[in-house]
1. Given (1) more than 12 Å from LEU257 (Cβ to Cβ); (2) of a type in the set (Lys, Arg); (3) within 16 Å of the chain's Cα centre (by Cα), where does ARG322 come up short, assuming only one miss?
2. Given the options LEU244, LEU267, name the one that is within 27 Å of ASN160 (Cα to Cα), among the hydrophobic types (A, V, I, L, M, F, W, C) and at pLDDT 95 or above.
3. Search segment 92-104 for residues that are modelled with pLDDT of 95 or more and pair each with any residue that is of a type in the set (Phe, Trp, Tyr) when their beta-carbon atoms are under 7 Å apart and the residues are at least 6 apart or on different chains.
4. Look at segment 318-340 and say how many of its residues are over 17 Å from VAL264 (Cα atoms), in contact (Cβ under 8 Å) with a residue 60 or more places away in the chain and either aromatic (Phe, Trp, Tyr) or surrounded by 20 or more Cβ atoms within 10 Å (Cβ to Cβ) (or both).
5. Suppose we filter segment 1-53 for residues that are closer than 22 Å to LEU129 by Cα, free of Cβ contacts under 8 Å to residues at least 60 places away in the same chain and β-branched (Val, Ile, Thr); how many remain?
6. Right, GLU306: closer than 18 Å to ARG210 by Cβ, without any contact (Cβ under 8 Å) to a residue 12 or more places away in the chain and outside any loop (DSSP other than H, G, I, E, B) or not?
7. Looking at ALA203, ALA165, ALA254, which one is modelled with pLDDT of 95 or more, of a type outside the set (Phe, Trp, Tyr) and touching a helix residue (DSSP H, G or I) at 6+ places or on another chain (Cβ under 6 Å)?
Amino acid sequence: MPPTDTERRLCEATARGDWDGQVAAIAGEDLYLAVPQQGQDPLPVYDDPAAGAKCIPVLTRGMLPPWQPQQFFDRVSVEELAQDWPNDKWRLAVNPGTPCAAYLAASPGHRAGWLRVRAQVGVRPGGLLVTHYGSALHGPVAQGLACGAPIAVHHSVPWNELGTAFLDHAADAQTLRDQWSVTDPASWQQRLDQLLGGQFVPAETETALRARARDGGAREDAAGEEPKTAGSRDAAASPAVPELVTRYEERFRADGLLPADGRVVSLVALDHAHAVNLVRWGLSARLCAPPQAEQAVQQVAARAREVYGSWEEFAAGYALGRMLAFDNGWFGPQYAEAVHLHRVLTQDPSSPWRGLPFS
């Protein structure tokens, strides 16, 4: 079975001798070019007997090899390859030596065709659910990776992969550095521990949500809808649920992110999702290794089960956490994206939130 839909489309086009279909299968996708190691030529040109020509090899996302500590790949696009191609007689070898191989002529006329198809197909959009059929599909690692699925769907990368890259080595290292101040294994571990502990969600709001859930909802919201539980000193000492939260919950119920009588249990799903992707970025940046990564994502699943009882509860917690962090009552593009991600992951039959048990 081809590992993702990209390879499936490429195999099908190759089987029917459809050159335009081959180009269309990869035209909007990220392709991966091996980074030369010290002493190697900048371009990995080689003589390919199947093509009968010199080739530059690239891999589609699903054909990246298993993680190796010193093996890196740069993302390139068909457009970049067409514009910077070094020799008209060379060919582009896509996944050479595999069942999903394709060999594309790269004369000026052919490269103009690449660009034409690229313009027709467009760049791969965000918000797509992608499954890697050669990666974890069941079990504790898959359950942990499913906790990070919203961010994987946002980037249209496989949700269930612990591999060579999230986007690519350079981009993932930059994400860790710019967004998380992570530059080495020690700072990576520190951030992971903080995310596993739910330390990045707003503490007062989290306390209020937990208290409301613990007391069965019979606490006073900021809107003053319900009385505090009589005699509950913990409830009286807990902060009221902010009015902004109740506004989001009302909108969530209207838009199907919560059931008609549903409320958000906790915000820590946001930290759990980020923890999974911190692991994936760290793996790509070579700040951790696969055994450590697998253990970490299983920890995420275990922490999520301590707080939530279902994927639906987890999903609502993630959405609210993201809204409080990035939308802040505007109900703008961030809200629209959150609704899209929620619907993809709760409605698509191939979603891990549909197919995997939560506990």
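The values are calculated or read from the model by the stated rules, or taken from the named source; none is laboratory data. Note that the structure is a prediction, hence the values are computed from the model and not measured. Note: ideal-geometry Cβ built from the backbone for every residue, glycine included; neighbour counts use all protein chains shown.
1. The single condition ARG322 does not satisfy is (1).
2. Answer to the check: LEU267.
3. Between residues of segment 92-104 that are modelled with pLDDT of 95 or more and residues that are of a type in the set (Phe, Trp, Tyr), the close pairs are ALA93/TYR103.
4. Matching residues across segment 318-340 total 1.
5. The qualifying residues number 1.
6. Yes.
7. Result: ALA165 is the single residue among ALA203, ALA165, ALA254 that is modelled with pLDDT of 95 or more, of a type outside the set (Phe, Trp, Tyr) and touching a helix residue (DSSP H, G or I) at 6+ places or on another chain (Cβ under 6 Å).
A quick yes/no check of all residues on (1) surrounded by fewer than 16 Cβ atoms within 10 Å (Cβ to Cβ); (2) among the hydroxyl-bearing types (Ser, Thr, Tyr); (3) out of contact with any Leu (no Cβ under 9 Å at 6 or more places or on another chain):
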{"residue": "GLU12", "(1), (2), (3)": "yes, no, yes"}
{"residue": "ALA24", "(1), (2), (3)": "no, no, yes"}
{"residue": "ASP30", "(1), (2), (3)": "no, no, no"}
{"residue": "ASP48", "(1), (2), (3)": "no, no, yes"}
{"residue": "MET63", "(1), (2), (3)": "no, no, yes"}
{"residue": "TRP67", "(1), (2), (3)": "no, no, no"}
{"residue": "PHE72", "(1), (2), (3)": "no, no, yes"}
